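**Q** Would you mind keeping the following structure in view while I ask a few things?
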Amino acid sequence: MLLLNLDAGLSKFSRAVLYGFRILSPDAPLDILKAFWYRQAIFGEPFCALADAIMRGTPNWSRGEKELLGAFVSSINQCVF
Amino acid sequence: MGNDVIAKVLRGHLRSELGARSAVFDFAEKLTRFPETVTVDDIVVLQSEGLSETAISEAILVVALFSVITRMADSLRFETPSDLSTGADLLRRFGYRGMAGPWSLFTSDPGGLKTPGDGEGNPTLPDAMRRWLESVASLGAAAEASAPEVAGPVVGKVMCNPSDVSELDVEGLKSHGCTEETVFDLILSAAANASLVRLKAGYDALHRSFRQPIIVVSAGLEEPATMRGLPTYSRSIAR
């Protein structure tokens, strides 16, 4: 149960898309999408663009290696994302 | 499966996969748990394992990125999906960009895990970092303007023990006139600040080690710009 009622701040369209997800893919981590979309201009867009740029594979680290490093950091932080 | 088990499994797996480069996991752990203790010596260890300046810089960025999202997830109590592979599928299908907004799911290039430019460095990074830092600065300014004194302890929790943020904290903020959106912004601002603390700790050590400004994101990362606009209470925690 989310601490804040993020649904209330989402557009009808956003809620419809989330509803579709819930039907098609009940295990999808929808709360994270809600958080991105709740503050799309200030969180979702800049953060996802940054994530995309940071997680890109490079000659140093492949995309997979970066994802594993991220998962490792999350596990230390007690979080599954 | 407990998170400590996940950490152990990942660490074991990565040691065998990455060989000497797995030293980066000890570094990532230190930067995540005790950013204030990271020094030039930690960078020297990584260098001695053959990691380049850019390689270390990229690892610092990954640590910083994930420390935002874990704080949002833990403090807002994101529901944990029972099957984690669905999240991975989502990421593979839409990529990070696709998750930015409801429309971007349909419009973004479904490059997924294999994005164009893979393996060629990060041409979009400086710009993306600048935009994110601008967002964080405006968030911090907004939160500071609207949040009452009670916000301080909440910010501290988000930064240090995000799963301790409780309904009582939210109620307390609301009773002082905060809207749900302000509470969200405050939590996001604190999470971003915790991430910047790690980014700064890592980059400070890296700068000192290589004695020159670092490539990718140095444009947006001079200290004043990083900390400007963040709430004063979180700024003092950051110190």
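**Q** Using only Cα atoms, find the angle between the long axis of helix A:45-55 and the longest principal axis of chain A, and express it within 0 to 90 degrees, rounded to the nearest 10.
**A** It works out to around 30 degrees.
**Q** Taking the C-alpha atoms of the range B:50-102, how large are the radius of gyration and the largest Cα-Cα span, Dmax, in Å?
**A** For the range B:50-102, the Cα radius of gyration and maximum Cα-Cα distance read 14.3, 42 Å.
**Q** While we're here: Please compute the length gained on full extension between B:Gln47 and B:Ala141, using 0.36 nm multiplied by the number of residues separating them and subtracting their Cα-Cα distance.
**A** 30.0 nm
**Q** Could you give me the ³J(HN,Hα) list for the range B:92-105, computed from phi with Karplus coefficients 6.51, -1.76, 1.60 and θ = phi - 60°, whole Hz, x at Gly and Pro?
**A** 5, 6, 9, x, 5, 4, x, 8, 4, x, x, 6, 5, 4
**Q** For B:129-142, what's the mean count of beta carbons from other chains sitting within 10 Å of each residue's beta carbon?
**A** The shielding value for this peptide is 3.
**Q** Let me ask something else. Which percent of the accessible heavy-atom area of the range B:11-77 goes to carbon and sulfur, probe 1.4 angstrom?
**A** Ligands and nucleic acids excluded, carbon and sulfur give 52 percent.
**Q** Scattering from the C-alpha atoms of chain A alone, worked out with Debye: what is log10 I(q)/I(0) at q = 0.25 1/Å?
**A** These q points yield log10 I(q)/I(0) values of -1.21.
The values are calculated or read from the model by the stated rules, or taken from the named source; none is laboratory data. Bear in mind that the values here come from a model prediction, so they are computed numbers and not experimental data. Every residue, glycine among them, receives a Cβ derived from its backbone with ideal geometry; neighbour counts consider all protein chains shown. What goes into the accessible areas is simple: the full protein's heavy atoms, side chains included, and nothing from ligands, DNA or RNA. Shrake-Rupley method; radii C 1.70, N 1.55, O 1.52, S 1.80 Å.
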